[in-house]
Amino acid sequence: MIFWKKTPVAEAPRRTICDHHRIIVEKDEKTSILTPAQFEKAFGVVYLPHIEFPLSTDFAAISQKISKYRNKGMLDQKQLWLGAYFQKEIQEPFVPPVRLRWIDETFGWGVFAEQDLKPMDYIGEYGGIVRRKKRSDAKNAYCFQYSIISGDSTRYTIDALDQGGVVRFINHSANHNLMSELATHQNLSHIVLFVSRLIKKGEQLCYNYGPDYWKRRTPPQ
């Protein structure tokens, strides 16, 4: 399946102004609606609902490699289809109909549905900075493997420890109701999360972090 007549030129993603976003937060039965600035102050995290490249050289290397794979027909059709299907959501990040809720000291925060959600509803992109991996990443619970093509590991990771959006708060579950998949749009791959089965209002959103995540971490009981 061909989505473009010629290989599109990728541009490095720029930080999107999201001042219009509003994040619902609940703790100790008290609900607040926060602006991105208030969110940053409350959580000590820069609000970044998409990926960003601190080094332009890293972005150029990734984009050129994806272009090369595309021209050779090596990109998975699923990642291309998802990139085309969710292209508007990737280009224009939004806050899904969810709320951040404090669970307890063990689990911390979780993300819960504000309304019923149906399969293929878009939740968001795993946002953060894309950088090269470091040994200390084994202690960073907010690192997500950045891939170019499905099943192919790279030297890069998405680090959402100090920056990210609502998606960084979604917890792990083997009995998950979200899918995390690779979506490639205009020579750039993104990790997107969308609904895999009917989710009822009030239900917690979860996805499977995968075996690679738990190689150097203790799996939850």
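The values are calculated or read from the model by the stated rules, or taken from the named source; none is laboratory data. Remember, it's a predicted structure, so these values are computed and weren't measured experimentally. Cβ: placed from backbone, ideal geometry, glycine included. Neighbour counts: every protein chain shown.
Miscellaneous remarks
- Residue under evaluation ASP152, criteria (1) under 19 Å from LYS200 (Cβ atoms); (2) more than 17 Å from the chain's Cα centre (by Cα), criterion not met: (1)
- All conditions in (1) over 23 Å from ASP28 (Cβ atoms); (2) crowded, with 20+ Cβ neighbours inside 10 Å; (3) touching a residue at least 24 places away in the same chain (Cβ under 8 Å); (4) not acidic (Asp, Glu) hold for ALA113, with the sole exception of (1).
- Verdict on ILE123 being surrounded by fewer than 17 Cβ atoms within 10 Å (Cβ to Cβ) and hydrophobic (A, V, I, L, M, F, W, C): no
- In the range 155-181, of all residues being surrounded by fewer than 17 Cβ atoms within 10 Å (Cβ to Cβ) and farther than 20 Å from GLU203 by Cα, the one that is modelled with the lowest pLDDT corresponds to ARG155.
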